[in-house]
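Below is one structure; the comments refer to it alone.
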Amino acid sequence: MAERSKTHAACTLLKNVTLAVLLYGAIFGIINLASNPNVAKGKLGIPALLDKTGPAELIKTTKAGVQVKFASSPETITINPHANVFNRPVSAVKIKDDYMGPRPHTDTEADLKLLVEECRGTYNGIEKMRNVFDCLKFFADGEKSYYKLPAEKDRASSQDPRQAEYVNADGHDNTLSKYVSVSEAVPANGSSIGTCPGPIIPYHVYWTGPATWRVEVFVKSYLYTQNLACSRLWIWLDSDRNPNAVQDMLTKDTLFERFLPLVERGDITLKAWKFPSRIPLPKNEDATDLAYYSTPGKPNAKGERAVGDGIMEDKDGQQWLVLTPKQMTFLPVAVSDAVRFVVLHIHGGAYFDMDVLMLRDMRPLLLPKEHAFAERWAAHPHPGDYNTAIMSLTANSSLSSYLLRGGVRMGLNFHPRVLGRMAWKDGRDQEFLMLETGAFDPIWTEFNWDREGRCTVPCLRDYGAAFKGKKGAIKDEWESYDGPQLKPIGLEQAPTKELRIRDAELENVPHSSAAQAPKGQHPDSFSATPKEEAELRKTGVVSDYVLSEDKFPPNNRTLENFFRGAWTYHIHNQWLKHPEPSSWINVLEHAHDGFFAGTRTNVYGEKWTGPSVMPYNYWPEFV
């Protein structure tokens, strides 16, 4: 009995050893198949047998491509080896990135009234208002006529920072007696935001909830175009709804994590938005519209007294616009409409909706002493029909107080067309310049069928067109182009999107940076690490590019011809759309990614010297 037991054990051991040898041989064979260039290939040109290899998991081949599992995505991604985001040329024509020429001098001011008149015509006739093509041409070619550098004594950099309207305009809480000189100013670099020879201007945006691609593309367009040493981006987060909004974005938001080095450098500041119960009003300003009492009320325990309808004056003579709890119950209806007027009244600067993409330096529009402006609402001819997706107001001014008071008086109704009609009826609309839509939203008149004259370049007739990348998806987009012939390049010479942060750089990136470990920052997108990309190339999942297999082939779209002359492009409410490869928005993404990777310049011919910034994620449906 014992003898039989020993024999059985010996057989079992022999069997297990044999199975182990066979398994080892199978694994060794698969590895050889994957690494041998002469091994039999499948229809897609990759090893016929796939297994988990390296950082990326190769699942199986299908008719559509190879199914791959990336660490940053919970879903499998199907890749066509011969036409995908890793090997697709970014353009079929030669790209000129620095088409705007050198950045305007930091003291350059735009003649805002000339910009209005050239694109509007007369105040009552508005003869040119619907001719956006000519307006953009003037913006693109007429800088010498509408940009000027004031005399030395009149320049913004020659003024006293202590009298500046912007908080921290000198980088030292407005304590300096003068700004640093142009010759002594330090440009922004990897560790420092630099110094500004003139006032630092805040740019405000409002956001609620987690960051999305819209936040990313706005922030990158800001970093790509603006004079960073002289600008600050303030992102106001709705802390009335979420008291921890700022902390959540700083510590829990995997998309915004890629911008934390810019927060550390000082480019971006996250601000908690809470609707204030009282708002300061300016001293020594004409405020007859504020309905003062003929006889002020008696002082309360704090020494404050009511001097008008909703207006309190403290013992130091400072007056405040006071909101009651009942008034503030109207807030959720249009909180973002209210935020911009309150923030600009208190801090000044410029406000932007988050779905606005910056194409040019905004500083020359914001430096003139009288820099209050907004945009026309489409092609509506009424002088009070404003759109405030982009707006500038002088802080703590008579005009900002007037508009703020008007919105409060109407039950916190800050809709721009409501306030605009109010200003027009009160004869104050011409204090608030109305720039034509071509400056900020050049497609709007085309979208509403209000356009006269030639179509813009590109000629897009709906807001979704800029997201389309398939060949022939946009009809007649070049119908108005009469510039020089775009120089085609061979696809073998065209750059591809090999813009991932290099491994050597990752070793020097602070642990807080998202660049160190991409995590699938968009719920419906994915990213790939340098090691994953290398593995895909090694195994043949990324192979030679084949034009005939590409649903989104490279074309002649470049940022140089994307509404050239406009300061911004407004995406509008395309919240659910993803930019297809080779689309106009994807062209913008490539320009951003190349700039932040150090392989391309921005529109002013400048190289990125700041912290590492992760490139855009990939949309699985377009790989």
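The values are calculated or read from the model by the stated rules, or taken from the named source; none is laboratory data. Keep in mind it's a predicted model, so treat the numbers as computed, not measured. When we count neighbours, we look across all protein chains shown, and the Cβ atoms used for this are built from the backbone with ideal geometry, even at glycine. Quick note on the areas: whole protein, heavy atoms, side chains included, nothing else; ligands and nucleic acids left out. Shrake-Rupley method; radii C 1.70, N 1.55, O 1.52, S 1.80 Å.
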Förster-model FRET efficiency, 45 Å R0, T269 and T62, C-beta, rounded to 0.05: 0.40
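In a shell of Cβ-Cβ distance under 11 Å around L176, excluding L176 itself, what net charge do Lys and Arg (+1) and Asp and Glu (-1) give? Working shown, then result.
Numbers: positive: R162, K178; negative: D160, D170, D173.
Net local charge, L176 excluded: -1.
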Virtual spin-label span in nm between D240 and T76, 7 Å along Cα→Cβ: 4.8 nm
Vicinal HN-Hα couplings computed from phi for the range 404-416 (Karplus, 6.51 cos²θ - 1.76 cosθ + 1.60; Hz; Gly/Pro x): 5, 4, x, x, 5, 4, 9, x, 6, 9, 9, 4, x
Efficiency of FRET from Cβ geometry, K607 and R461, R₀ 30 Å, rounded to 0.05: 0.25
Largest to smallest accessible area among W273, W234, W575, W478 [probe 1.4 Å]: W575, W478, W234, W273
Space enclosed by the convex hull of the alpha-carbon atoms of the range 560-623, per residue, Å³: 116 Å³
Distance in nm between pseudo-label sites at K96 and N573 (7 Å out along the Cβ direction from Cα): 3.9 nm
Kirkwood-based Rg to Rh ratio, the range 146-297, C-alpha trace: 1.05
Of K144/K425; K315/K425; K69/K94; K60/K531, pairs whose Cα-Cα distance is over 27 Å: K144/K425; K315/K425; K69/K94
Nearest-10 value in Å² for the accessible area of I390, using the 1.4 Å probe: 0 Å²
Over 22 Å between alpha carbons, listed pairs K475/K577; K551/K577; K96/K551; K128/K577: K96/K551; K128/K577
Alpha carbon centroid spacing (whole Å) that separates the range 148-200 from the range 583-605: 29 Å
Per residue, in Å², the accessible surface of the range 78-124 once ligands and nucleic acids are set aside, probe 1.4 Å: 38 Å²
Karplus 3J(HN,Hα) series, Hz, for the range 225-239 with 6.51 cos²θ - 1.76 cosθ + 1.60 (x for Gly, Pro): 10, 8, 6, 5, 5, 10, 9, 9, 9, 9, 9, 8, 9, 5, 9
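Rounded to a whole number, what % of the accessible area of the range 104-243 do carbon and sulfur atoms account for, probe 1.4 Å?
Details: 3100 of 6080 Å².
Reported share for carbon and sulfur atoms: 51 percent.
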Rounded percent of accessible protein surface that carbon and sulfur make up, the range 545-588, 1.4 Å probe: 50 percent
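Full-extension gain between R537 and L176, please, as 0.36 nm times their residue separation minus the C-alpha to C-alpha distance. Don't skip to the end; give the middle numbers.
Details: separation 361, 0.36 × 361 = 129.96 nm, distance 5.59 nm.
Difference between extended and current length: 124.4 nm.
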Positive-end residue of T437, V418, H382, charge dipole of the range 320-469 with Cβ unit charges: V418
Distance between modelled label sites at D314 and Y293, nm, 7 Å Cα→Cβ extension: 2.0 nm
Surface accessible to a 1.4 Å probe, per residue, for the residues of the range 343-487, Å²: 34 Å²
Chymotrypsin sites (Phe, Trp or Tyr not before Pro) lying in DSSP loop within the range 424-457, provided at most 13 other Cβ fall within 10 Å: W449
Rg to Rh quotient for the range 366-482, alpha carbon positions, Kirkwood Rh: 1.09
For V418, solvent-accessible area (1.4 Å; no DNA, RNA or ligand), Å²: 50 Å²
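Taking N as the number of residues in the range 214-319, what value does Rg over Cα atoms divided by 2.2 N^0.38 Å take? Please report the intermediate quantities before stating the final value.
Details: Rg = 20.4 Å, N = 106, 2.2 N^0.38 = 12.9 Å.
With N residues counted in the range 214-319, Rg over 2.2 N^0.38 Å equals 1.57.
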The range 371-385 - phi-based ³J(HN,Hα) in whole Hz, Karplus 6.51/-1.76/1.60, Gly and Pro as x: 10, 7, 7, 8, 10, 6, 7, 6, 10, 5, x, 5, x, x, 8
The range 397-475, relative contact order in percent, only Cα pairs under 8 angstrom and at least six apart counted: 17 percent
